[in-house]
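The values are calculated or read from the model by the stated rules, or taken from the named source; none is laboratory data. The structure presented is a predicted model; accordingly, all values stated were derived computationally and were not measured. Because the Cβ atoms are built from the backbone with ideal geometry, glycine has one as well, and the counts that use them run over all protein chains shown. Just the protein is used for accessible areas: all its heavy atoms, side chains included, with ligands, DNA and RNA removed. Shrake-Rupley method; radii C 1.70, N 1.55, O 1.52, S 1.80 Å.
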Amino acid sequence: MANKWCLRAFAILGLLVLSAGLAAGQVGQTQITKWQYGKSAAVSLTYDDGSINQFRVAVPIMDTFGFPATFFIITGDIPGSRYHGTFIGRPTNAIVQETANTPTNKDNFLERASAIGFLGYPEAIDYHTRAGEVFDEGKDFDKAYQLMDEAYAKVRQGMFKPAHINAAVHRERITWEELIALANRGYEFASHTVTHPRLAALDDANLVYELEKSRQDILDRLGFKHTFSVECPYGTENPRAVQSALQRYKVARNHMPDPFVDDLDRWNAMDPAVSKKEYVRWQRGSLTKTPMTLMKSWVDTIASRDNIWLVLVFHGVNGKGWEPRTDDELKEYFAYIKAKEDRLWIATFQDVTKYIRERMRSEVRSYKDGETILVLLRDDLTDPSYDLPLTLKTNVASAWQTVEVHQGERVKHVEVVHQNGQSYVLYQAIPNAEAVMIRPVQP
Ligand SMILES: [Zn+2]
């Protein structure tokens, strides 16, 4: 593709007197707008854990508004997945026996915390979660070790009830077939690991299993496009978990290291308006008791700025899942966002990530030859995932009313905007493809 681009570009450039680009305000001068379609901000609706009413209730509501969304799914839960929760390591009875004589310490904690949830006792999973939380906080490791000792003592003493064989049957689950249908309609799916563990408390083999096997099932069922994004459970910032996740996925919702982004997570109280960076990724969680007025104020804040990406995090819907919201609340909130859509780009988590990375890594050059404006857009991203068209804004002559925009085989008529003494067109172009040609359409 790069070679083809070069040949085409040089063939066209050969006909022109090459200028050193055009200055601001000149006819032909072109910029990549900060957000898609020249909007003022971006909004991504994200849902965690794949609880059933996200699909049964929230999806039909979003359909009525034409909103896309991103679902972070726990793949081991889905019927027909190849990979389910399991412990990767030595036989667990050897680990259990060892706990009788060796107290938990820094050398054996990760193995024990990795295994405890897979011994066949649902109540033991709670110990994994609690000890993992304490460990992840990184302050009181002894407390985490104590919890592990307590859990294994209960295992050895037979104090946990074994899993009920049919326990899973009563819980309604989404199927891969349904997810495929939703993916085909533009919804994004993303990984939330195989079993939703505390990744910081897993040893390397189990950490890799949770991230890699979840990706594998998503790849096999939904395709490469849906292997772009991940959310490490509990939004962990644990460096080992984050690094392992970013080796396997292009972006993590829990951590974005890009230097041009201020990454404010759900618990960060910083006012996004004070950021000096090119972009702010502002995550806000909607819990059951989060006031609607507060949620609406997030939308007002971003609509009044030009650099904020609001990443909304939802969990349960209509009583199913953690911290649920009701269908009426979702309708009211989405209607509020819809009313500001002229300023907001509502897009999937991966599309916004792609847009800002492609834009920050792109160069745009434009040339004028009589009535034709030629625009070259290229970025230095070699990863084929980055395939999103970018919005360009090109100044045109004030006498022009409509232009024809060509890029390769694609042709589009675009109306000229005349505003504040400027005349320009907004259109989309694919980076690293053919040069864009803009010509006035004769009335
Ligand atoms: Zn979760």
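Among the residues of segment 70-84, are any touching a residue at least 40 places away in the same chain (Cβ under 8 Å), hydrophobic (A, V, I, L, M, F, W, C), in a loop (DSSP other than H, G, I, E, B) and away from the ligand (no atom under 16 Å from the Cβ)? No, because not a single residue in segment 70-84 is touching a residue at least 40 places away in the same chain (Cβ under 8 Å), hydrophobic (A, V, I, L, M, F, W, C), in a loop (DSSP other than H, G, I, E, B) and away from the ligand (no atom under 16 Å from the Cβ). In this structure, is ARG198 more than 15 Å from the ligand (Cβ to nearest atom), open to solvent by 10 Å² or more (accessible area, probe 1.4 Å), over 25 Å from TRP309 (Cβ atoms) and basic (Lys, Arg)? When the stated conditions are applied, ARG198 does not pass them. Determine whether ASP220 is open to solvent by 10 Å² or more (accessible area, probe 1.4 Å) and either within 16 Å of the ligand (Cβ to nearest atom) or farther than 25 Å from PRO68 by Cβ (or both). Judged against the criteria, ASP220 is not a match. For segment 212-242, the set of residues classified as in a helix (DSSP H, G or I), of a type in the set (A, V, I, L, M, F, W, C) and in contact with a strand residue (DSSP E or B) (Cβ under 7 Å, 6 or more places away or on another chain) consists of ILE218, LEU222, VAL242, listed by residue number.
Residues in segment 301-330 that are within 16 Å of the ligand (Cβ to nearest atom) and either in contact with a Phe, Trp or Tyr (Cβ under 8 Å, 6 or more places away or on another chain) or in a strand (DSSP E or B) (or both): VAL311, LEU312, VAL313, PHE314, HIS315, GLY316, VAL317, LYS320, ARG325.
Residue-wise test of (1) open to solvent by 40 Å² or more (accessible area, probe 1.4 Å); (2) among the aromatic types (Phe, Trp, Tyr).
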{"site": "ILE302", "(1), (2)": "no, no"}
{"site": "PRO324", "(1), (2)": "no, no"}
{"site": "ILE337", "(1), (2)": "no, no"}
{"site": "ARG359", "(1), (2)": "yes, no"}
{"site": "TYR367", "(1), (2)": "no, yes"}
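Taking interchain pairs and intrachain pairs at least six residues apart, which have beta carbon atoms under 7 angstrom, with the first residue in segment 418-443 and more than 24 Å from ARG357 (Cα to Cα) and the second open to solvent by 10 Å² or more (accessible area, probe 1.4 Å) and among the aromatic types (Phe, Trp, Tyr)? Taking only residues 6 or more apart or on different chains, the pairs are SER423/TRP400; PRO440/TRP400. Taken across segment 154-164, residues that are on the phi < 0 side of the Ramachandran plot, in a helix (DSSP H, G or I) and buried (at least 19 other Cβ atoms within 10 Å of the Cβ) do occur, with at least one present.
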